[in-house]
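Contents: one structure, followed by commentary.
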Amino acid sequence: MTGTISGRAPDGRPNLATKGRQDQTVFTRVRLNEAGRRSLDDLRARVRGRNAVYLDYPLHYNIGDLLIMLGAMKMLRKEGVQVKVHSTYHSSSPAKLARILGKDDLIIFHGGGNFGDIYPAFHSDRLEIVERFARNEILFFPQTVDFQDHAVLERTRAILSKARRLTLLVRDRQSLAVAEQICDNVSLCADTAHYLGVPHHHAENDSVLLFRRRDPEAATGETGFDWSEIVSGADRRVWLGLKVLARAARITPGTTLDRFIFDQWMGRSETLFERACEKFRQYEFLDADRLHAVILATLLQMKMRNKDTMYGKIGRYREAWLEAE
């Protein structure tokens, strides 16, 4: 939908930021800065040519998480990483990993915004893997880190300390400050969604895509477009079917079912990515409060502005990695 825009210039067009300005209340194009490009180049080099397992890929319809996954998979393929198994939370099996994981294999955890105690069951399962395979090299792709419960933070610190070859990549400096309390090897890295390639074209019709979250992270009561609008009934039926299969894969000894589930989900995710790009290209401007809407606008070179989430996620990310053109 086209949203109502405040702060227009006298001719009625949205105000545009000047070059280099970091004002998030006006419309401007932003790009990944040099530090972000270097961090992603360093990540490429770190994984290049490795054998690995990829854990916790998102089997759900948060499109932002799917962009993270699609970007990561594109990079891993390009760098010749041989992934022995892709596991989602629903299919994760320590027993299966023990059978296929070599001593020199890299364990990669999917990046995103859920490292900490926001999703306790998810975090607990992740720590179980770290504790059981502490002798392997373990790499957490870029995360946003947050803890509200000090006891969970201390338990996390105790378990991570057992893995001497563990690296936790984080997406912003606030996460870095928290992560350094629980892990000896922490680095800043931009989001893997930036590995995606997107043709740079969009409308030039003075229209604005008002993008607003519809979940507890929303900081305003405004309504607008959200990712759920591009997810069809057929998409949801596929998702439900794959979730059932993923639970079966947890107790299936081989990896054939895991590969089938992942291949089907990748195809569905690529379709949703194309829909998201098609939606954005109908507009000249974006006004968003989701981080990956901002990142997608950056890839498309759209003029955009943002409001932030309840946790300041977008402002923290822009400060670390994005600069005005």
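Restricting to segment 137-154, count the residues that are in contact with a helix residue (DSSP H, G or I) (Cβ under 6 Å, 6 or more places away or on another chain) and assigned to a loop (DSSP other than H, G, I, E, B).
Count: 1.
Would you check if S175 is hydroxyl-bearing (S, T, Y) and out of contact with any Lys or Arg (no Cβ under 8 Å at 6 or more places or on another chain)?
Judged against the criteria, S175 is not a match.
Given the conditions (1) more than 30 Å from L272 (Cα to Cα); (2) modelled with pLDDT of 95 or more; (3) assigned to a helix (DSSP H, G or I), and given that D104 satisfies all but one, which numbered condition is not satisfied?
(3)
Just checking, which of D184, D206 is on the phi > 0 side of the Ramachandran plot, out of contact with any Cys (no Cβ under 6 Å at 6 or more places or on another chain), open to solvent by 20 Å² or more (accessible area, probe 1.4 Å) and not in a helix (DSSP H, G or I)?
D206
Just one of (1) more than 18 Å from T192 (Cα to Cα); (2) touching a strand residue (DSSP E or B) at 6+ places or on another chain (Cβ under 6 Å); (3) open to solvent by 20 Å² or more (accessible area, probe 1.4 Å) trips up V85, so point out which.
In the conditions (1) more than 18 Å from T192 (Cα to Cα); (2) touching a strand residue (DSSP E or B) at 6+ places or on another chain (Cβ under 6 Å); (3) open to solvent by 20 Å² or more (accessible area, probe 1.4 Å), V85 misses (3) alone.
Only residues that are more than 20 Å from A246 (Cα to Cα) and among the polar types (S, T, N, Q): list them for segment 61-91, please.
Across segment 61-91, the qualifying residue is only Q82.
If a residue must be small (G, A, S), open to solvent by 10 Å² or more (accessible area, probe 1.4 Å) and at pLDDT 90 or above, how many such residues does segment 14-38 contain?
1
In segment 281-325, what count of residues is obtained for those that are of a type in the set (F, W, Y) and closer than 16 Å to L209 by Cβ?
Summing the residues that are of a type in the set (F, W, Y) and closer than 16 Å to L209 by Cβ in segment 281-325 gives 2.
Name the residue that is most open to solvent (accessible area, probe 1.4 Å), counting only residues in segment 52-71 that are modelled with pLDDT of 95 or more and not in a helix (DSSP H, G or I).
Checking each candidate, the answer is D56.
Look at segment 88-98 and say how many of its residues are over 12 Å from D56 (Cβ atoms) and open to solvent by 10 Å² or more (accessible area, probe 1.4 Å).
The qualifying residues number 4.
Looking at segment 107-136, which of the residues that are in a loop (DSSP other than H, G, I, E, B) and modelled with pLDDT under 95 is nearest to F147 (Cα to Cα)?
Taking the candidates together, the pick is D117.
Would you please name the residue that is most open to solvent (accessible area, probe 1.4 Å), looking only at residues in segment 111-146 that are of a type in the set (G, A, S) and within 14 Å of V178 (Cα to Cα)?
G113
Given the options K84, K74, name the one that is charged (D, E, K, R) and not in a helix (DSSP H, G or I).
K84
Cβ-Cβ under 6 Å, sequence separation 6+ or interchain: first residue in segment 147-163 and in contact (Cβ under 8 Å) with a residue 24 or more places away in the chain and closer than 15 Å to A179 by Cβ, partner assigned to a helix (DSSP H, G or I) and open to solvent by less than 30 Å² (accessible area, probe 1.4 Å). Which pairs?
Within 6 Å, the pairs are F147/L153; I159/L127; I159/V130; A163/V130.
As an exercise: evaluate G49 against (1) in contact with a Lys or Arg (Cβ under 7 Å, 6 or more places away or on another chain); (2) on the phi > 0 side of the Ramachandran plot and give the number of the one condition it does not meet.
So the condition that G49 fails would be (1).
The values are calculated or read from the model by the stated rules, or taken from the named source; none is laboratory data. Everything quoted here is computed from the prediction, not taken from an experiment. Counting neighbours? That spans all protein chains shown, and the Cβs are built from the backbone with ideal geometry, glycine included. Accessible surface areas use protein heavy atoms only, side chains included; no ligands, DNA or RNA. Shrake-Rupley method; radii C 1.70, N 1.55, O 1.52, S 1.80 Å.
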